[in-house]
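Novice: Shown below is the structure under consideration.
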Amino acid sequence: MAVYTDVAADELADFLKTYDIGELLSYKGIAEGVENSNFLLHTTKGYFILTLYEKRVAVDDLPYFLGLMAHLAERGVSCPQPARNRDGAVYSTLSGRPAAIINFLEGLWPRKPNVAHCAGVGTALARMHLAGRDFPLVRKNPLSVSGWMSLFAQAADRADTVQAGLSALLSAELDVLARSWPTDLPEGVIHADLFPDNVFFLGDQLSGLIDFPFSCNDILAYDVAICLNAWCFEADHSLNVTKARAFFHAYGRERPLSQAELAALPLLARGAAIRFLLTRLVDWLNVPAGALVKPKDPLEYVRKLRFHQAVTSVRDYGLDGSGATA
Ligand SMILES: Nc1ncnc2c1ncn2[C@@H]1O[C@H](COP(=O)(O)OP(=O)(O)OP(=O)(O)O)[C@@H](O)[C@H]1O
Ligand SMILES: N[C@@H](CCO)C(=O)O
């Protein structure tokens, strides 16, 4: 997270009086992350996270992902729970932004994910997909192909200031994806942003998933591709096949991938690469003055995109054609 919107202490203390989570002892902005404004609250009843939702979150979508966290927790998926205020609402308004409070989750996100972490996230992702099957709300993914086009339109004329030729690369790739994006793969509730900084571990044991504002209904294997990109590449941007195998194997034990899903993986991974490339690029070109935020590197995802463009079969991900780890 980050801090785009400041909150005054007296305003926050008054806001907390609308909840039954104790009186404010202290609070501080959290610099990590890039999407929303986040604060760690210490009250007489413990620790909580306050989020003020920023530009990419529409207030109408809050019932979806706050409701999803409750739904998943009831089905054994560990994730924070939204606090209800005295009116029973899970969100309201603070400093002119939609705001929610969730409970603090113990654990640390892995700075250098190892093979056990990759297996842990594979299991958790599949369990989340299964637990989401009977979630009654539906939210279309605003950051799928047409959303990518809109992001590109915001960045096209300045993309080459970040890397020569980037605008042409993006334009050509978006053409391919628009023509060939799959429409017949199994869909369901996806997290859509399950990066290492959104998964907490105690040692090698996964303790919980956070950060659901991108969750939506979309292709389940697309969520798998997002995690492949986020977890299984090394700092030098090469794919670690051992990590990929561990991730796929763990996912497949809970929810086996079909032949059609496996065959689509290279394309889905290209889509997953361009989605994060584009949001990072737009953010890189538009850092708000005075915001406490460190924009993420768009070029990391150019390298991942180029890797997937060169993939000829899922063997390149450490899988054999049957979905078994080769
Ligand atoms: N429930 C929670 N319990 C403990 N810490 C939390 C919790 N939620 C968020 N945090 C802390 O805040 C940081 C940022 O949170 P989060 O990833 O949700 O923000 P974001 O702005 O949506 O970021 P991004 O989308 O870039 O990952 C986390 O890395 C963690 O340190
Ligand atoms: N997890 C994203 C940030 C949230 O969209 C990234 O690393 O680009």
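Novice: I'm checking my understanding of the structure. Among residues of the range 50-67 that are of a type in the set (D, E, K, R) and open to solvent by 40 Å² or more (accessible area, probe 1.4 Å), which one is farthest from the chain's Cα centre (by Cα)?
Specialist: D60
Novice: May I ask you to list pairs of residues, at least six apart or on different chains, whose Cβ atoms are under 7 Å apart, with the first in the range 244-260 being among the charged types (D, E, K, R) and the second being in a loop (DSSP other than H, G, I, E, B)?
Specialist: Listed by first residue and then by second, the contacts come to R245/G318.
Novice: Give L62, L72 a once-over and let me know the one that is outside the structural domain of D197 (by TED's automatic domain parsing), more than 16 Å from ligand 2 (Cβ to nearest atom) and farther than 21 Å from I21 by Cβ. Walk me through it before giving the result.
Specialist: On the way: L62 fails: farther than 21 Å from I21 by Cβ.
Just a single option satisfies the conditions, and that option is L72.
Novice: Consider Y4 against the criteria (1) away from ligand 2 (no atom under 14 Å from the Cβ); (2) among the aromatic types (F, W, Y); (3) over 25 Å from N217 (Cα atoms): it satisfies all of them except one. Which criterion is unmet?
Specialist: That leaves (1) as the condition not met.
Novice: Continuing with the same structure: Looking only at the range 194-214, which residues are within 16 Å of ligand 2 (Cβ to nearest atom), open to solvent by 20 Å² or more (accessible area, probe 1.4 Å) and not aromatic (F, W, Y)?
Specialist: D197, I210, D211
Novice: Among strands (runs of 3 or more DSSP E) lying entirely in the range 1-108, which contain 1 or more residues that are more than 12 Å from ligand 1 (Cβ to nearest atom) and closer than 28 Å to L285 by Cα?
Specialist: Result: 92-94, 97-103.
Novice: Name the pairs whose Cβ atoms lie under 6 Å apart, with the first residue in the range 274-301 and closer than 15 Å to T5 by Cα, the second open to solvent by 10 Å² or more (accessible area, probe 1.4 Å) and modelled with pLDDT of 90 or more, and 6 or more positions between them or separate chains?
Specialist: What qualifies is L292/G29.
Novice: Is it the case, given these coordinates, that A168 is part of a helix (DSSP H, G or I), in contact with an Asp or Glu (Cβ under 9 Å, 6 or more places away or on another chain) and either without any contact (Cβ under 8 Å) to a residue 40 or more places away in the chain or among the aliphatic types (A, V, I, L, M) (or both)?
Specialist: Numbers: part of a helix (DSSP H, G or I): yes; in contact with an Asp or Glu (Cβ under 9 Å, 6 or more places away or on another chain): yes; either without any contact (Cβ under 8 Å) to a residue 40 or more places away in the chain or among the aliphatic types (A, V, I, L, M) (or both): yes.
Yes: the conditions hold for A168.
Novice: Separate question: Only one of L228, L278, L265 is in a helix (DSSP H, G or I) and within 17 Å of P110 (Cβ to Cβ); which?
Specialist: L228
Novice: Then there is this: Which of the residues that make up the range 33-44 are surrounded by 13 or more Cβ atoms within 10 Å (Cβ to Cβ) and at negative phi?
Specialist: Listed by number, the residues that qualify are V34, E35, N36, S37, N38, F39, L40, L41, H42, T43.
Novice: Scanning for something within 16 Å of ligand 1 (Cβ to nearest atom) and either surrounded by 13 or more Cβ atoms within 10 Å (Cβ to Cβ) or among the aliphatic types (A, V, I, L, M) (or both), does the range 167-183 turn up at least one residue?
Specialist: So far as the range 167-183 goes, no, none of its residues is within 16 Å of ligand 1 (Cβ to nearest atom) and either surrounded by 13 or more Cβ atoms within 10 Å (Cβ to Cβ) or among the aliphatic types (A, V, I, L, M) (or both).
The values are calculated or read from the model by the stated rules, or taken from the named source; none is laboratory data. Computed from a prediction, not measured in an experiment: that's the story for all the values here. As a convention, Cβ positions derive from the backbone with ideal geometry for all residues, glycine included, and neighbour counts pool all protein chains shown. Heavy atoms of the whole protein, side chains included, go into the accessibility calculation; ligands, DNA and RNA do not. Shrake-Rupley method; radii C 1.70, N 1.55, O 1.52, S 1.80 Å.
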